[in-house]
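Undergrad: Here's a structure for you.
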Number of protein chains: 2
Amino acid sequence: MSLVVQKYGGSSVADAEGIKRVAKRIVEAKKNGNQVVAVVSAMGDTTDELIDLAEQVSPIPAGRELDMLLTAGERISMALLAMAIKNLGHEAQSFTGSQAGVITDSVHNKARIIDVTPGRIRTSVDEGNIAIVAGFQGVSQDSKDITTLGRGGSDTTAVALAAALDADVCEIYTDVDGVFTADPRVVKKARKIDWISFEDMLELAASGSKVLLHRCVEYARRYNIPIHVRSSFSGLPGTWVSNERPQSAQSAQGAEQVEHALISGVAHDVSEAKVTVVGVPDKPGEAASIFRAVADAEINIDMVVQNVSAASTGLTDISFTLPKAEGKKATAALEKIKPAVGYDSLRYDDQIAKISLVGAGMKTNPGVTAQFFEALSDAGVNIELISTSEIRISVVTRADDVKEAVQAVHTSFGLDSDSEEAVVYGGTGR
Amino acid sequence: MSLVVQKYGGSSVADAEGIKRVAKRIVEAKKNGNQVVAVVSAMGDTTDELIDLAEQVSPIPAGRELDMLLTAGERISMALLAMAIKNLGHEAQSFTGSQAGVITDSVHNKARIIDVTPGRIRTSVDEGNIAIVAGFQGVSQDSKDITTLGRGGSDTTAVALAAALDADVCEIYTDVDGVFTADPRVVKKARKIDWISFEDMLELAASGSKVLLHRCVEYARRYNIPIHVRSSFSGLPGTWVSNERPQSAQSAQGAEQVEHALISGVAHDVSEAKVTVVGVPDKPGEAASIFRAVADAEINIDMVVQNVSAASTGLTDISFTLPKAEGKKATAALEKIKPAVGYDSLRYDDQIAKISLVGAGMKTNPGVTAQFFEALSDAGVNIELISTSEIRISVVTRADDVKEAVQAVHTSFGLDSDSEEAVVYGGTGR
């Protein structure tokens, strides 16, 4: 018998109807002869409503208590889901993160899982039950306090439980049909990917694709848990994320894709801003002190470019990108070191977009970079920064150009599907 | 240092404002030099809303899952309350029933507390924190499943914790000023009782007074925990329920009450119905088989009266009262045994009221019963059934007569206050 871990996001269980639909889908998996563990997020907007309440009683809610509060969300959805399944004539039991053995560190609001001891879940499914588990939450090893895992926490719960239970697959049900070669809201002819490697998926997630978070894919790769991302609405096969293409993803379309699997997809990200430090003296240690200042402010920077120094002045410009939300903190940190470093000025620009092309195939194909730049140039898109990895090329452009840029690259690399696929697309909750 | 256990009902924490008001009250108790443990119910209508949701996904929600669902309610209120207290500059930690060591049996939806192991609460208050505890919930000893305590559960949680922590007092905060000599909605001149014995309070609770539930008073009496019932809105002293009148309840009014503490109060109850089995053969075993049938249907009956048999027919009538909600079940059970018992017919009447006079003083005062009946007679109220205990007389009347009856008895026994007291009165949640 196979053991399947499924995860359903908040939009899949937004109301009683959604919960009943998800219950049917879970029962189907059980009827197909599987043991089933279903991880569930809080219903629809519950989390936001609880945060609202918290802010009404305290401007800065205490971390421990905010976690206690927010975990009420999954408690509600998981209990309702278990009831709905029992109403279909199948046995189900719901478990909190703590009951499911999700042990974390003590960092409230963004705890990390340090161990999973799923004894009660194992017993429950061995007794023939469907086990429903609260996503996004755990209990701290030291203080036995309730913790939450932060953004993407429910996906991580599912993958971690799948690993601890040695599950055959972790199915992530969401409100889209899978991972696409580009964001279908931007590229009408974006194609659903049947299979993608962990590595390519990690690069896509790091480049702005929002279907799976980096953290969850990383966990799955470490424990080699195949992920199947699919829609809780359509029931169609979605996207497999794994080390090797599984049998079931060998569709006609899949076979076709094997031939030119040069490129997995095009991702874009408009959540970043660009900071340029103008007129930095071009001598050893200047760049280091700039990035030390930014790092000390606990800001994660993404792309970095240093221009060639102008011989006449001995000055250079250093640019980097970072999350818009951290722009203020970064410029404040840089203003502080201005006297010491002696640069001319700071420029802050939040009207940028990052476009990334991801695919393991580019490692062995030297023409990819050229073709990528040609496509952007033909579309009249100007490039401001460039950064590359073995299996990814990223550029920064004007935010206004993002649609044309993604579309042009998508077409140029033969990723357009023959038809415009009908897809639902929205936020995936936590 | 004193240890005070406080309990706040759902109407006291109905919204963010309510939570902030309660937080201030708790902090006051702490500032007065007490260690404070506060038990809290779910906010306002939360429980009803969750039950609504449950009924939308399943007509008969499973007990285990319903408990998991409902306990989300206190999780929300207790976390918010802890945040609000921390916002006032005091340390607070919230604890679920399970974390607080409330151990119950496995009867979901109406579990009984079988042990309280408040180690974490003790540690928390000893470290200087205010401990906030979820009312109404616990964890089962056998299966470690989450349970709820049923109606009045939060009051019981508070009293049980007070007993386990050897607290000096258990303060039950509610939306009324205390226990009154009659329901102030019915008797405008009802007087707040400063002190009442456990025994009298038990009789009042059993007779329809809703401020404290029987179960909670019973627990307090067993462990000798003084209860102070008071308003979370006014902050005035309320009603002490204990073995002996405390110093603090020796007010001028209290001293006056000591003199004629013959009677504690008048309670009424319109939630019962009357079943009459007409024409029962007056021979041994007939009554037994009737009440066996009702008991086997798990119906709790209250008053029982058997008329004198008419010599001419050898037949008698047996009447009893029971909760209206169980009327159908009872009549169905009685219809079943009709052939065996051979009675004539069943009469069902849900337009009745029970009026009860409670007071330890009546034990030694033979005139009370006569005065009670005279008061009712003078008010033109007809009596249908009578039952008595050592410290209580109850009668059944027409439901229409309830106001006149309670008012007449209240006045007759000198319970009317000089002024009409301003009181807020409403449901007390769970």
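Undergrad: I'd like to check which helices (runs of 4 or more DSSP H) are fully inside the range A:314-426 and have at least 2 residues that are open to solvent by 40 Å² or more (accessible area, probe 1.4 Å), more than 30 Å from A:ASP296 (Cβ to Cβ) and out of contact with any Leu (no Cβ under 8 Å at 6 or more places or on another chain).
TA: Answer list for the range A:314-426: A:367-378, A:402-412.
Undergrad: Next question, about the same structure. Within the range A:131-152, is there a residue that is of a type in the set (A, V, I, L, M, F, W, C), open to solvent by less than 20 Å² (accessible area, probe 1.4 Å), assigned to a helix (DSSP H, G or I) and touching a residue at least 24 places away in the same chain (Cβ under 8 Å)?
TA: Taking every residue of the range A:131-152 in turn, none turns out to be of a type in the set (A, V, I, L, M, F, W, C), open to solvent by less than 20 Å² (accessible area, probe 1.4 Å), assigned to a helix (DSSP H, G or I) and touching a residue at least 24 places away in the same chain (Cβ under 8 Å).
Undergrad: Among the residues of the range B:31-52, which ones are assigned to a loop (DSSP other than H, G, I, E, B), touching a Leu at 6+ places or on another chain (Cβ under 9 Å) and over 19 Å from B:ALA167 (Cβ atoms)? Show your work before the answer.
TA: So in the range B:31-52, the residues assigned to a loop (DSSP other than H, G, I, E, B) come out as B:32-34, B:41-45.
Now drop any that are not touching a Leu at 6+ places or on another chain (Cβ under 9 Å), which leaves B:34, B:42-43.
B:ALA42, B:MET43, listed by residue number.
Undergrad: Check whether at least one residue in the range A:114-128 is part of a strand (DSSP E or B), of a type in the set (Val, Ile, Thr) and over 21 Å from B:LEU70 (Cβ atoms), and report yes or no. Before the answer, list the steps.
TA: The first filter runs over the range A:114-128 and keeps only residues part of a strand (DSSP E or B), leaving A:114-116.
Checking the rest, the ones that are also of a type in the set (Val, Ile, Thr) come to A:114, A:116.
Then keep just the ones that are over 21 Å from B:LEU70 (Cβ atoms); that gives A:114, A:116.
Yes - at least one qualifying residue is present in the range A:114-128.
Undergrad: Among the residues of the range A:72-81, which ones are at the interface with another protein chain (Cβ under 7 Å from one of its Cβ atoms) and closer than 12 Å to B:THR71 by Cα?
TA: Correct list: A:ALA72, A:ARG75, A:ILE76, A:ALA79.
Undergrad: Could you tell me which residue of the range B:119-138 is farthest from the other protein chains (Cβ to nearest Cβ), considering only residues that are in contact with a strand residue (DSSP E or B) (Cβ under 7 Å, 6 or more places away or on another chain) and among the β-branched types (Val, Ile, Thr)?
TA: B:VAL125
Undergrad: State all residues of the range B:207-239 that are hydrophobic (A, V, I, L, M, F, W, C) and over 15 Å from B:ALA167 (Cα atoms); if no residue qualifies, say none. Even if it seems obvious, please write down each step before you answer.
TA: At the first step, the residues of the range B:207-239 found to be hydrophobic (A, V, I, L, M, F, W, C) are B:211-213, B:216-217, B:220, B:225, B:227, B:229, B:233, B:236.
Those that are hydrophobic (A, V, I, L, M, F, W, C) and over 15 Å from B:ALA167 (Cα atoms): B:VAL211, B:LEU212, B:LEU213, B:CYS216, B:VAL217, B:VAL229, B:PHE233, B:LEU236.
Undergrad: While we're looking at this one, here's another question. Any chance the range A:58-75 includes a residue that's surrounded by fewer than 20 Cβ atoms within 10 Å (Cβ to Cβ), closer than 22 Å to A:ALA16 by Cβ and over 24 Å from the mean Cα position of the chain (by Cα)? Steps first, please.
TA: So the first thing to find is which residues in the range A:58-75 are surrounded by fewer than 20 Cβ atoms within 10 Å (Cβ to Cβ), and the list is A:59-60, A:63.
Retained after the next criterion (residues that are closer than 22 Å to A:ALA16 by Cβ): none.
No: zero hits.
Undergrad: Can you find, within the range A:82-91, the residue that is nearest to A:LYS24 (Cα to Cα) among those that are open to solvent by less than 40 Å² (accessible area, probe 1.4 Å) and facing chain B (nearest Cβ under 8 Å)? If you could, list the steps in order and put the result at the bottom.
TA: We begin by selecting, within the range A:82-91, every residue open to solvent by less than 40 Å² (accessible area, probe 1.4 Å); these are A:82-85.
So of that shortlist, the ones also facing chain B (nearest Cβ under 8 Å) come out as A:82-84.
Details: A:ALA82: 11, A:MET83: 12, A:ALA84: 9 Å.
Selected residue: A:ALA84.
Undergrad: Can you tell me which residues in the range A:119-130 are open to solvent by 60 Å² or more (accessible area, probe 1.4 Å) and either in contact with a Cys (Cβ under 6 Å, 6 or more places away or on another chain) or not basic (Lys, Arg) (or both)?
TA: Looking only at the range A:119-130, we keep the residues that are open to solvent by 60 Å² or more (accessible area, probe 1.4 Å), and these are A:120, A:122-123, A:126-127.
Listed by number, the residues that qualify are A:THR123, A:ASP126, A:GLU127.
Undergrad: Which residue is nearest to the chain's Cα centre (by Cα), if the candidates are limited to the range A:11-26 and must be open to solvent by less than 10 Å² (accessible area, probe 1.4 Å) and either farther than 9 Å from A:LEU81 by Cβ or within 12 Å of chain B (Cβ to nearest Cβ) (or both)? Steps first, please.
TA: Residues of the range A:11-26 that are open to solvent by less than 10 Å² (accessible area, probe 1.4 Å), as a first pass: A:12-13, A:16, A:18-19, A:22-23, A:26.
Now restrict to residues that are either farther than 9 Å from A:LEU81 by Cβ or within 12 Å of chain B (Cβ to nearest Cβ) (or both): A:12-13, A:16, A:18-19, A:22-23.
Numbers: A:SER12: 18, A:VAL13: 20, A:ALA16: 27, A:GLY18: 23, A:ILE19: 24, A:VAL22: 22, A:ALA23: 25 Å.
The selected residue is A:SER12.
Undergrad: Going through the range A:184-200 one residue at a time, which ones are crowded, with 20+ Cβ neighbours inside 10 Å and under 19 Å from A:LEU236 (Cβ atoms)?
TA: A:PRO184, A:ALA190, A:ARG191, A:LYS192, A:ILE193, A:ASP194, A:TRP195, A:ILE196
Undergrad: So B:ALA42 ticks every box in (1) closer than 24 Å to B:ASP126 by Cα; (2) touching a residue at least 40 places away in the same chain (Cβ under 8 Å); (3) more than 7 Å from chain A (Cβ to nearest Cβ) but one. Which box is left unticked?
TA: Of everything listed in (1) closer than 24 Å to B:ASP126 by Cα; (2) touching a residue at least 40 places away in the same chain (Cβ under 8 Å); (3) more than 7 Å from chain A (Cβ to nearest Cβ), B:ALA42 misses just condition (1).
Undergrad: Here is a further query. Restricting the search to the range B:92-118, which residues are away from chain A (no Cβ under 11 Å), among the small types (Gly, Ala, Ser) and surrounded by fewer than 24 Cβ atoms within 10 Å (Cβ to Cβ)?
TA: Within the range B:92-118, B:GLY101, B:SER106 qualify.
Undergrad: Kindly indicate whether A:SER94 is of a type in the set (Ser, Thr, Tyr) and assigned to a strand (DSSP E or B). Step through it out loud before you land on a result.
TA: Values: of a type in the set (Ser, Thr, Tyr): yes; assigned to a strand (DSSP E or B): yes.
So A:SER94 passes the test.
Undergrad: In this structure, does A:GLY33 turn out to be more than 10 Å from chain B (Cβ to nearest Cβ), at pLDDT 95 or above and open to solvent by 10 Å² or more (accessible area, probe 1.4 Å)? Steps first, please.
TA: Working: more than 10 Å from chain B (Cβ to nearest Cβ): yes; at pLDDT 95 or above: yes; open to solvent by 10 Å² or more (accessible area, probe 1.4 Å): yes.
In short, yes.
Undergrad: Inside the range A:156-182, can you point out the residues that are under 25 Å from A:MET43 (Cα atoms), open to solvent by 10 Å² or more (accessible area, probe 1.4 Å) and not in a strand (DSSP E or B)?
TA: Residues satisfying the conditions are A:ASP175, A:ASP177.
The values are calculated or read from the model by the stated rules, or taken from the named source; none is laboratory data. Everything numeric here is computed off the predicted structure, so don't read it as measured data. Virtual Cβ from ideal backbone geometry, glycine too; neighbours counted across all protein chains shown. These area figures cover heavy atoms from the full protein model, side chains too; ligands, DNA and RNA do not enter into them. Shrake-Rupley method; radii C 1.70, N 1.55, O 1.52, S 1.80 Å.
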